[in-house]
Amino acid sequence: MAGWFELSKSSDGQFRFVLKAGNAETILTSELYKAKGSAEAGIASVQANCTNEARYEKKTAANGKEFFNLKATNGQVIGSSQMYGSAASRDAGIESVKTNGTSTTIKDNT
């Protein structure tokens, strides 16, 4: 099964999206946006940038866990991953975003 995006509204009225893999696991989470249209533009940015290896920033958190950010051409972070126990798991997460990030399925939960 292919992945999809879920668009939701937070309790304070802001919007965010997550990218889900085919197994329904969240593989990328966006920042909060004030406007729904901005969150939708973020989804379009993921779709446009997810297949470009150069757009991924691999990082290590203070606790030693691995994660990554997906960045737009302007360097702004579009979304961040969960924390992974190893670099190999993080890299598999990147491959999952590359595979699922071009999805045009958006589940609007707002």
*Calculate the dipole size of the chain relative to its Cα centre from +1 charges on Lys and Arg beta carbons and -1 charges on Asp and Glu beta carbons; express the result in debye to the nearest 20.*
140 debye
_Positive-end residue, the range 1-87 charge dipole about Cα centroid, Cβ charges, pick of Asn52, Gln76, Asn63_ = Gln76
_Folded to 0 to 90 degrees: helix 36-49 orientation relative to the chain principal axis, Cα_ = 40 degrees
*What dipole magnitude, in Debye to the nearest 20, does the range 1-59 give about its Cα centre under +1 on Lys/Arg Cβ and -1 on Asp/Glu Cβ?*
80 debye
*Report relative contact order for the chain in percent, whole number only (criteria: Cα-Cα under 8 Å, sequence separation at least 6).*
32 percent
*Please say if the range 1-53 is rounded, prolate or oblate, where rounded means a/c under 1.5 for a ≥ b ≥ c the square roots of the C-alpha gyration tensor eigenvalues, and otherwise the choice is prolate for a/b larger than b/c and oblate otherwise?*
oblate
*Enter the angle in degrees (range 0 to 90, nearest 10) between the Cα long axis of helix 87-100 and the first principal axis of the Cα atoms of the chain, meaning the one along which they spread out most.*
40 degrees
*Mind ordering 72-81, 56-65, 19-28 by average Cβ neighbours within 10 Å, highest first?*
19-28, 72-81, 56-65
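A short reminder: the numbers here are calculations on the coordinates, not readings from a lab. Since we're looking at a predicted model, the values are computed, not measured. Cβ coordinates were reconstructed from backbone atoms using ideal geometry, including for glycine residues, and neighbour counts include every protein chain displayed.
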